[in-house]
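Here's the structure, in structure tokens; my notes come after.
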Amino acid sequence: MNKTVPTKPYPDQKPGTSGLRKKVPVFQQQDYAENFIQSIFDSLEGFAGKTLVIGGDGRYYNREVIQKAIKMAAANGFGKVMVGKGGILSTPAASHIIRKYKAFGGIILSASHNPGGPTEDFGIKYNIGNGGPAPEKITDAIFARTKVIDSYKIADFADINLDVIGKQTIAGMIVSVIDPVEDYAALMEELFDFGAIRNMISLGFRICFDAMSAVTGPYAKEILEIRLGAPNGSVRNFMPLPDFGGHHPDPNLVHAKELYDEMMGEDAPDFGAASDGDGDRNLIIGKGIFVTPSDSLAILAANANLAPGYSAGIAGIARSMPTSGASDRVAEKLGIGSYETPTGWKFFGNLLDAGLATICGEESAGTGSNHVREKDGLWAVLLWLNILAVRGESVADIVHQHWAAYGRNYYSRHDYEGVDTDAANGLVEALRGKLDSLPGTQFGNLTVATADDFAYHDPVDKSVSKNQGIRILFEGGSRVVFRLSGTGTSGATLRVYIERYEPDPNRHGLETQEALADLIAVAETIAVIRSRTGRDTPSVIT
Ligand code: G6P
Ligand code: ZN
């Protein structure tokens, strides 16, 4: 029944920030997905007879790769595969299922917030037994393996019917098709005060959740509408579509503009939120106010004790380096640890496992906690709702009070997408070359305090990750960070992160881009973005 199929390596299977992401036609090349999946298995040890979780965000090519992965898991000796009905598992739900059922690991098929469809993006990511993305030592081993692989193993049986929940044994392996929502919804009920949220909603609190035709639709319908009683229609675009209805399932102010406009309108609901393709990101908008992901992290951490799952307090807060320092101030006030990691959720895994951090977050719209080992869009929505239900105040009130207590970190990210790769690398190289000469240099009122290329020393496993982004820190706490995205599939994306700390409550009402204007100008002066990229303005400002 098992076949060993000869194959030739592909040179371009290096996992990025979050697994291997390529255009669908790249994945459709002969044995391309098989090579990568076999390289994952070849980089692991001790999984014989163990369980593998498989699921994806429902995008184009999801079902095909799931069938391949199931057959390859059987031929490679896994004892059991758990797969979400319809091939669906949100990334946080997959993480939870790996943990709950003590699986050996999981394969998640997603390209997150990138568009889907026959000519759009697809991705494969491996998660380890703690439910989190594989650490670099495993992704490096996978990449090394892809360069020399010469065969893969696959069992020869008919495709599994993914649309019927149930268990069967095929080729000596159990295949269990599970409800993708049930276990996850039960976990959310343990963490949050559903009674209080239900009560708030029954008193007329209005929610609008945009699932962006992606994976969180079924989860949000079940949790927000059925279990919490939000009226039918509170969750929109709830059917996962292979092409996300032709949109980018990226919950930001550009791609969720309709929701944003509605939340800024006269008749806005009390709370607006959205999630991305695979359900791990979140966007939070109150009536008339967008909450930046960095502020959201700080506010959730400061108020987490209002939710039953965190009533004993939190151990520490971790954020990625480009995320604003707002959460550091919360950690300081709570007297708990604060950690600064490179971009990528995988860097939080050790801190969570070691109990050093309880809540983590990134500027890229990811927030989560130790309940799973991925960021979790609906979790952030539910923690916000729990806080709103307990405090009985509006989102805007809570944000303004937070700024008054801690100061405001004005923050914005400017993205230059689809830039020529050589030009982008050249820009970063030139910045590296300037690092030593920058400290002490004055630009208007701003003086550079330090400048470096961020390196992370993991306090748990002592590993070191270098070249994680150029930081230019100014006296007084403002900063500009430059980094190239690790998740794109065509050309390069330059990200410029701009931050200014403002302690004075009388100056908390400025328009963000205005408040940052001098720093934006200095970023241009130092990095010469316009002439190096050929772009006059960023493609996306968040
Ligand atoms: C993925 C990762 C995140 C990361 C984000 C941005 O969503 O899971 O941890 O912050 O990508 O990555 P990029 O390299 O595109 O800035
Ligand atoms: Zn995602």
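Could you grab me the full set of residues in segment 162-208 that are more than 27 Å from the chain's Cα centre (by Cα), farther than 22 Å from Trp379 by Cα and among the β-branched types (Val, Ile, Thr)?
Correct list: Val164, Ile165, Thr169, Ile170, Ile174, Val175.
If Asp328 satisfies every condition in (1) within 16 Å of ligand 2 (Cβ to nearest atom); (2) without any contact (Cβ under 8 Å) to a residue 24 or more places away in the chain; (3) not polar (S, T, N, Q) but one, which is the exception?
Answer for Asp328: the failing condition is (1).
Any idea which of Leu473, Leu494 is part of a strand (DSSP E or B) and within 16 Å of ligand 1 (Cβ to nearest atom)? Don't jump to the end; show me each part of the working.
Numbers: Leu473 fails: within 16 Å of ligand 1 (Cβ to nearest atom).
None of the other options fit; the residue is Leu494.
Just a yes or no: is a residue in segment 68-88 modelled with pLDDT of 95 or more, small (Gly, Ala, Ser), more than 30 Å from Gly491 (Cα to Cα) and touching a Pro at 6+ places or on another chain (Cβ under 8 Å)?
Yes, segment 68-88 contains at least one residue that is modelled with pLDDT of 95 or more, small (Gly, Ala, Ser), more than 30 Å from Gly491 (Cα to Cα) and touching a Pro at 6+ places or on another chain (Cβ under 8 Å).
In segment 333-370, how many are surrounded by 22 or more Cβ atoms within 10 Å (Cβ to Cβ), in a loop (DSSP other than H, G, I, E, B) and either of a type in the set (A, V, I, L, M) or away from ligand 2 (no atom under 16 Å from the Cβ) (or both)?
Residues flagged as surrounded by 22 or more Cβ atoms within 10 Å (Cβ to Cβ), in a loop (DSSP other than H, G, I, E, B) and either of a type in the set (A, V, I, L, M) or away from ligand 2 (no atom under 16 Å from the Cβ) (or both) within segment 333-370 amount to 4.
Provide a single number: the residues in segment 244-280 that are hydroxyl-bearing (Ser, Thr, Tyr) and either assigned by TED's automatic domain parsing to the domain that holds Gly488 or within 12 Å of ligand 2 (Cβ to nearest atom) (or both).
1
Within segment 161-175, how many residues turn out to be surrounded by fewer than 16 Cβ atoms within 10 Å (Cβ to Cβ) and either closer than 19 Å to Gly106 by Cβ or outside the structural domain of Ile70 (by TED's automatic domain parsing) (or both)?
3
Kindly provide the set of residues from segment 514-528 that are in contact with a Phe, Trp or Tyr (Cβ under 7 Å, 6 or more places away or on another chain) and assigned to a helix (DSSP H, G or I), ordered by number.
Ala515, Val522, Thr525, Ala527 - these are the residues of segment 514-528 that are in contact with a Phe, Trp or Tyr (Cβ under 7 Å, 6 or more places away or on another chain) and assigned to a helix (DSSP H, G or I).
Is it true that Asp295 is free of Cβ contacts under 8 Å to residues at least 24 places away in the same chain and either touching a Lys or Arg at 6+ places or on another chain (Cβ under 7 Å) or not in a strand (DSSP E or B) (or both)? Before the answer, list the steps.
Details: free of Cβ contacts under 8 Å to residues at least 24 places away in the same chain: no; either touching a Lys or Arg at 6+ places or on another chain (Cβ under 7 Å) or not in a strand (DSSP E or B) (or both): yes.
So Asp295 does not fit the description; no.
Working only within segment 323-356, note down all residues that are in contact with a Ser or Thr (Cβ under 7 Å, 6 or more places away or on another chain) and closer than 20 Å to Pro15 by Cβ.
Scanning segment 323-356 gives Thr341, Pro342, Thr343, Gly344, Phe347, Phe348.
Counting only residues that are over 24 Å from Ser485 (Cβ atoms) and among the acidic types (Asp, Glu), which one in segment 414-473 is surrounded by the most Cβ atoms within 10 Å (Cβ to Cβ)?
Applying the filter and picking the extreme gives Asp461.
Could you list, in sequence order, the residues of segment 148-160 that are among the β-branched types (Val, Ile, Thr) and either under 15 Å from Gly79 (Cβ atoms) or surrounded by 14 or more Cβ atoms within 10 Å (Cβ to Cβ) (or both)?
Taking segment 148-160 and keeping what is among the β-branched types (Val, Ile, Thr), we get 148-149, 154, 160.
Scanning segment 148-160 gives Ile149, Ile154, Ile160.
Please work out which one of (1) over 19 Å from the mean Cα position of the chain (by Cα); (2) in a loop (DSSP other than H, G, I, E, B) is the condition Asn386 fails and give its number.
(2)
Out of the residues in segment 302-325 that are in contact (Cβ under 8 Å) with a residue 60 or more places away in the chain and within 26 Å of Ile207 (Cα to Cα), state the one that is surrounded by the fewest Cβ atoms within 10 Å (Cβ to Cβ).
Filtering first and then ranking leaves Pro308.
The values are calculated or read from the model by the stated rules, or taken from the named source; none is laboratory data. Note that the structure is predicted; figures quoted are calculated from it, not measured. Ideal geometry is used to build each Cβ from the backbone, glycine not excepted, and the neighbour counts take in all protein chains shown.
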